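The values are calculated or read from the model by the stated rules, or taken from the named source; none is laboratory data. Given the structure is predicted, the values throughout are model-derived calculations rather than measurements. Cβ coordinates were reconstructed from backbone atoms using ideal geometry, including for glycine residues, and neighbour counts include every protein chain displayed.
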Amino acid sequence: MGRKPKSTVKAAIDEAQPAAPSETDDAGRNTGPQWLERKFKMLENGLHFPSDERLKWICAPFEVRAETRDEAGGWGLQITWRNRDGVAQAEVFGRELFAGDCKEVRLRLSIGGLTQAGDSWSRQKLAEYLNVVKSSRRARCVRATGWHAVNGRRVFVLPEVVIGEADEDVILAADGRDRAPFNRKGTLAGWRETIGRFSCINSRLVFAVSIAFAGPLLDLVGEDGGGWNLKGPSRVGKTTALRVAASVWGGDELQGASGFMRSWRATGNGLEGTATQYSDTLLLLDEMGQIDAKEIGEISYMLSNGNGKSRAGRDGSARASARWRLLFLSSGEVGLADKNTEARLSTKAGQQVRLIDVQADAGAGWGLYDELHGDTSAEKFAEALRQACRENFGHAGIAWLEWIIDKSRRDPEFSSTIQGKVDGFVAGWLRALPDAGGQVRSVARRYGLVAVAGELASAAGITGWPKGEAERALKTMFESWLADRGTAGASEDMQARRQLAEFISRHGSGRFETWHKAAPRKNEHDEVEIEDVLDRIKTQNSAGWRRVEEKAGGAGKELIYYLTDAGMRDALHGLDFRPAIKALCDAGMILRDPAGKSMVTRTPPFSGKSVRLYMVPGSVIGGEEVLPD
């Protein structure tokens, strides 16, 4: 049979197209060109198109399940297919990906196991099909797990299930490779009788499980996200606590609940996508030591604030940034301040409020545990927990969401009730701390929310804990954090005191010149003796002077450091300078002049003029070092 000219095939296709490029169904929806189904054929072995008077194979079979609309109004397609092992796959592709040659779509389909012809004609035909294919089914597409409003109704979206009632299908737009494993194994009763029972009386385990329940409450009460880092030596039980928390939400067949956990070994950009897959639930990050120390501060802000970086789209316009709400729990032998020190960065108070370091060791002699529930060693107890987390996971989180949605439907004041319970816990914890600063109150409120989550989950019959168990554990954890912090005041004040003391301790003999009381000695030729000249020029990068002075009332002598303005700014590098100076004056670490000013006027030796200096007692570094006159 002779080869039919290309122009003839093209003419036949053109003739098949109706005068009107598209039609609509009874609902007025665009259904695509009529010629599409007459030319493209989706057969059992895949998509075909006529070429040279025969059907030419383009790719393996797939189905356009729905046309989607996202929360910003953008359209897309949900495509389903089976990979080479016959496992069902599904992914949502934005319509903007079909504008060109569909290269990215074809790549993602190939990665997902959809076999495609490799010639350019087939690639062109696949792109042509995807650009005009139709579906009468509609679905709402969301980019993050968690709470979403669909036509005025609140639903909670997970990869394989939507909890709540919506009047249209809702799809989570994340491919199977990136989805968090919200899988289930075992039973809720099995989880409660093992993990729930083992956690009871163990403050750190109750704390971890309660954090897992707290995530869905953030949006209900309008609270910000944030995280904790369980800090302590290796083998103390930190990862076990994360594993127990993970068992609330999911895991996988191979690793059990551990499969729900993620690692700190990632970039900030990589963690953006991860955060959207755990929104309104719990993100678990193991081994803080693996993160680049230069990124930890910014990541703590990013995860807590719930916003990714702004980026440009394909046409240069601003693209919607990733958004999420979550609590996160981390583990590490080091903490936030340690990582910042490693990168030679100061630790900001805002970082410490967003990512809270807590001691993993409970102080009972068994590492993280207060109670072993009949086991003879912490190792055996940890193994019992690991086994329980392999056999039961994912059910508690689903039961919790169903309870919240039912409670919210029956009680319009449910959110206000949660807020009132949080207020009550925080007021009780801070009753003995009337001067607590805003940072402490903010952290107390986050602990309070977690305590309420644990108590409500117990009231729902999920945990098996007695009433008050979560509140007692979270109060213990808050008090432990406050004791480590050392003050209920502002963190910046404490940081200023620490930095000034460390600066003087480190540079006391290197950057502070000795203040001579007498004029320099001269020899018989009226020349200054060389020893005094050398004493003056040996101090490099001077921060000021030091000298021994009589104490007030003649009660002995003390060493006084006089810092120049530049020297003090060096000591307080990274801090808001004026508030730090006020805090140091209030703490007696800077001695005021008689008029109450923070600087005194003195005439240093050899200078010949008066200068303004900060006067710091040597006792700031402990003890009362005395130098000879």
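A count restricted to region 244-257 and to residues that are assigned to a loop (DSSP other than H, G, I, E, B) and touching a Phe, Trp or Tyr at 6+ places or on another chain (Cβ under 7 Å) stands at 4. Determine, yes or no, whether LEU126 is under 30 Å from LEU218 (Cβ atoms), touching a strand residue (DSSP E or B) at 6+ places or on another chain (Cβ under 9 Å) and of a type outside the set (Phe, Trp, Tyr). When the stated conditions are applied, LEU126 does not pass them.
Grab the helices (runs of 4 or more DSSP H) fully contained in region 319-409, keeping just those with 3 or more residues being more than 30 Å from ASP570 (Cβ to Cβ).
Fully inside region 319-409 and qualifying: 378-391.
In region 166-184, what count of residues is obtained for those that are modelled with pLDDT of 90 or more and either outside any strand (DSSP E or B) or among the basic types (Lys, Arg) (or both)? Residues meeting the conditions: 3. Whether any residue in region 139-153 is under 26 Å from ALA275 (Cα atoms), surrounded by 14 or more Cβ atoms within 10 Å (Cβ to Cβ), at pLDDT below 90 and assigned by TED's automatic domain parsing to the domain that holds ALA60 is what I want to check. The answer is yes; a qualifying residue exists. Applying the selection to region 205-215, what residues are farther than 8 Å from LEU327 by Cβ and in contact with a strand residue (DSSP E or B) (Cβ under 7 Å, 6 or more places away or on another chain)? Passing the criteria: ALA208, ALA212. Only one of (1) assigned by TED's automatic domain parsing to the domain that holds ALA364; (2) within 28 Å of HIS373 (Cβ to Cβ) fails for LEU217. Which number is that? Only one criterion in (1) assigned by TED's automatic domain parsing to the domain that holds ALA364; (2) within 28 Å of HIS373 (Cβ to Cβ) is unmet by LEU217, namely (2).
Taking region 60-74 as the search range and keeping residues that are within 31 Å of the chain's Cα centre (by Cα) and not in a loop (DSSP other than H, G, I, E, B), which one is farthest from LEU43 (Cα to Cα)? Applying the filter and picking the extreme gives ASP70.
This table checks each residue for (1) buried (at least 22 other Cβ atoms within 10 Å of the Cβ); (2) over 13 Å from the mean Cα position of the chain (by Cα); (3) in a helix (DSSP H, G or I).
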position	(1), (2), (3)
TRP228	yes, no, no
ARG235	no, yes, no
LEU242	yes, yes, yes
GLY259	no, yes, yes
THR274	no, no, yes
ASP280	yes, no, no
LEU284	yes, no, no
GLY289	no, yes, yes
ASP292	no, yes, no
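Residues of region 403-438 that are exposed (fewer than 15 other Cβ atoms within 10 Å of the Cβ), more than 26 Å from the chain's Cα centre (by Cα) and of a type in the set (Gly, Ala, Ser): SER416, GLY420, GLY424, ALA427, GLY428, ALA432. Exactly one residue among GLY335, GLY394 is under 26 Å from the mean Cα position of the chain (by Cα), in the same structural domain as TYR301 (by TED's automatic domain parsing), buried (at least 17 other Cβ atoms within 10 Å of the Cβ) and on the phi > 0 side of the Ramachandran plot, and that residue is GLY394. Of all residue pairs spaced 6 or more apart or on separate chains, those with beta-carbon atoms under 8 Å, a first member in region 373-390 that is in the same structural domain as GLN255 (by TED's automatic domain parsing) and a second member that is small (Gly, Ala, Ser) and part of a loop (DSSP other than H, G, I, E, B) are ALA378/GLY237; ALA378/GLY367; ALA382/GLY237; ALA388/SER247; CYS389/SER247. The listed residues are ALA566, ALA571, and the only one of them that is modelled with pLDDT of 80 or more and in contact with a helix residue (DSSP H, G or I) (Cβ under 6 Å, 6 or more places away or on another chain) turns out to be ALA571.
If only one of TRP81, TRP57, TRP75 is in contact with a His (Cβ under 9 Å, 6 or more places away or on another chain) and of a type in the set (A, V, I, L, M, F, W, C), which one is it? Every option except TRP57 fails the conditions. When region 73-99 is filtered for residues that are touching a Lys or Arg at 6+ places or on another chain (Cβ under 9 Å) and either surrounded by fewer than 20 Cβ atoms within 10 Å (Cβ to Cβ) or not assigned by TED's automatic domain parsing to the domain that holds ARG138 (or both), the ones remaining, listed by number, are GLY74, TRP75, THR80, ALA88, GLN89, ALA90, GLU96, LEU97, ALA99. SER408 meets each of the listed conditions (1) without any contact (Cβ under 8 Å) to a residue 60 or more places away in the chain; (2) among the small types (Gly, Ala, Ser); (3) touching a helix residue (DSSP H, G or I) at 6+ places or on another chain (Cβ under 6 Å) apart from (1).
Residue-wise test of (1) on the phi > 0 side of the Ramachandran plot; (2) basic (Lys, Arg); (3) at pLDDT below 95.
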residue	(1), (2), (3)
THR240	no, no, no
ARG243	no, yes, no
ALA246	no, no, no
THR267	no, no, yes
GLY273	no, no, yes
GLN277	no, no, yes
LEU284	no, no, no
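In region 222-233, the residues that are among the aromatic types (Phe, Trp, Tyr) never reach a residue that is at pLDDT below 95 and not in a strand (DSSP E or B) with C-beta atoms less than 8 angstrom apart, at least six apart or across chains. I need the full set of residues from region 550-596 which are acidic (Asp, Glu) and either farther than 22 Å from VAL611 by Cα or not in a helix (DSSP H, G or I) (or both), in order please. Selection gives GLU550, GLU558, ASP576, ASP586, ASP593. Among the residues of region 404-424, write down those that are hydrophobic (A, V, I, L, M, F, W, C) and more than 23 Å from ALA349 (Cβ to Cβ). ILE404, ILE405, PHE414, ILE418 - these are the residues of region 404-424 that are hydrophobic (A, V, I, L, M, F, W, C) and more than 23 Å from ALA349 (Cβ to Cβ).
If the condition is being of a type outside the set (A, V, I, L, M, F, W, C) and either closer than 23 Å to ALA88 by Cβ or part of a helix (DSSP H, G or I) (or both), then region 185-206 contributes LYS185, GLY190, ARG192, GLU193, THR194, GLY196, ARG197, SER199, SER203, ARG204.
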